[in-house]
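So the structure is just underneath, and the comments pick up after that.
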Amino acid sequence: MSRGLTPSQTVGPFYWGTLVKTCHAELAPPGVAGERIALALSLHDVEGAIVPDGVLEIWQANSHGRYNHPDDRRNLPLDEGFEGFGRAGTDAKGVARFATVKPGRVPWPAGGLQAAHVNVSVFARGVLNRLATRLYFDGDAGLADDPVLNLVEPARRSTLIARRDGDGVWHLPIHLGGPKETVFFDV
Amino acid sequence: MNEETYRRPSAGQHPPNRFDAYKSTPGRSPGKPAVVLPHSLSEITGPLLQAERLDGLENDLTRQRMAEPLGERIIVHGRVLDEDGRAVPNALVEIWQCNAAGRYHHPGDQHDAPLDPNFYGGGRTRADAEGGYRFVTIKPGAYPWKNHHNAWRPAHIHFSLFGPAFATRQITQMYFPNDPLLAFDPIYKSVPEGARERLQAAFDMDSTQPEWALAYRFDIVLRGRNATPME
Ligand SMILES: [Fe+2]
């Protein structure tokens, strides 16, 4: 039997209630394997102004490249206490911060490996559908061969690549539209 | 790999990103089409949040404080299904809403209506093996917003669904049947006709509890899987 999908609606401005209970800005408790990283994702509107009332979620593999999910059936280690999900609201400066470990590379269905990446969902007042994008790491092995980046026109690929500042924090500005519009994916 | 992929929604089921009558959308919507992504493990896996500890009262928004909140007590229940009618078991369901007077327990809500110290407005539950979920809450009020002159949001409850995969992640809003404000609400009307009606819960006389609460049924349908495994 075919049923019609439930349509999407905006998260609105007043999500504090439930969503904060499931906030996980720190994904990796002590003991989880991998390189510790800090992410700072900033959210911007079409004019470049910050969006201080957004919600960002991340989903990632662990450092071994394994997703903590039953459909990832590969024989790779799972890390105790690491699910790979994070959620944070953007702050008064439009930034959502996460502390996690760098994900390992995961396979591509047609063969080969994808470059290390974090999957990102964007929600905000004025955003009617979840916007999906990715965060890659500047200077990483595999960026040039990444099958997803290669689906994107070359001039726009940099919108998906986080850069490291002097303190070691990985920054990725997410532009909802305008001249610096981020590449969003139909997942 | 033999993992299944998820079907792409056909046209006309979700709102467009830009819907000018909802005035926040032009400044916050992409102008370029989304890049279609073939499904890899990154899209067919997703947070199941099985380790999330839910306290027993999180699905009863009338019993989270010292006393019962003011307002009309209601039961909101339904099933989380996929497009093929199969249950999405154990799905985390999150809701949030304003109080009976139309005011959110949120510092950004400055609507001139009373806060209710006994109503926080957030709830969570986990669907059962058949995808069934149930909340007890109070009926939210309508509230004004500044989208246009004399704009009022119809009474609604916000829903957040994870489903089984990153690809199925979704946030939506549940409305009450035949609310006269629906005809004037650009957020509801951003969804094409023929699909938007699915956002109205059904009044459910059979599930009411005599002498206690009326009931509404809201089934949630997430993307179904493709029948053929990916290469
Ligand atoms: Fe609302």
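Every number in this text was worked out from the coordinates using simple rules, so none of it is lab data. Source: prediction; values computed, not measured. All Cβ positions, even for glycine, are placed from backbone atoms using ideal geometry, and neighbour counts span all protein chains on display.
Between the residues B:A167, B:F218, B:A201, the greatest Cα displacement towards the positive end of the dipole of chain B, with unit charges on the Cβ of Lys, Arg, Asp and Glu, is found for B:A167. Placing +1 on the Cβ of every Lys and Arg and -1 on the Cβ of every Asp and Glu, with nothing else charged, gives region B:1-130 a dipole about its Cα centre of roughly 440 debye. As a proxy for reagent exposure, B:D109, B:D20 were ordered by neighbouring Cβ count within 10 angstrom, fewest first; the result is B:D20, B:D109.
Within the shell defined by Cβ-Cβ distances under 9 Å, the residues around B:D84 carry a net charge of +1, with Lys and Arg each +1 and Asp and Glu each -1. The calculated FRET efficiency for A:A38 paired with B:W145, based on their beta-carbon distance and R0 = 35 Å, is about 0.45. Apply the a/c threshold of 1.5 to the C-alpha gyration tensor of region B:75-152 and tell me whether it is rounded, prolate or oblate. Cα axes put region B:75-152 in the prolate bin.
Putting +1 on Lys and Arg Cβ atoms and -1 on Asp and Glu Cβ atoms, find which of A:A28, A:A49, A:L39 reaches farthest to the positive end of the dipole of chain A. In chain A, that residue is A:A28.
Its residue count N fixes a reference of 2.2 N^0.38 Å for region B:14-125, and the Cα radius of gyration divided by that reference is 1.43. Under the convention that each Lys and Arg Cβ holds +1 and each Asp and Glu Cβ holds -1, the size of the dipole of chain B around its Cα centre is about 680 debye.
Between the alpha-carbon centres of region A:1-78 and region B:16-83 there is a gap of 13 Å.
Applying the Kirkwood pairwise sum to the alpha-carbon positions of the protein assembly as shown produces a hydrodynamic radius of 21.9 angstrom. Using every pair of alpha-carbon atoms in region A:41-167, split the distances into 10 Å bins beginning at 0 and state the percent of pairs per bin, rounded to integers. With 10 Å bins starting at 0, P(r) equals 11, 39, 36, 13, 1.
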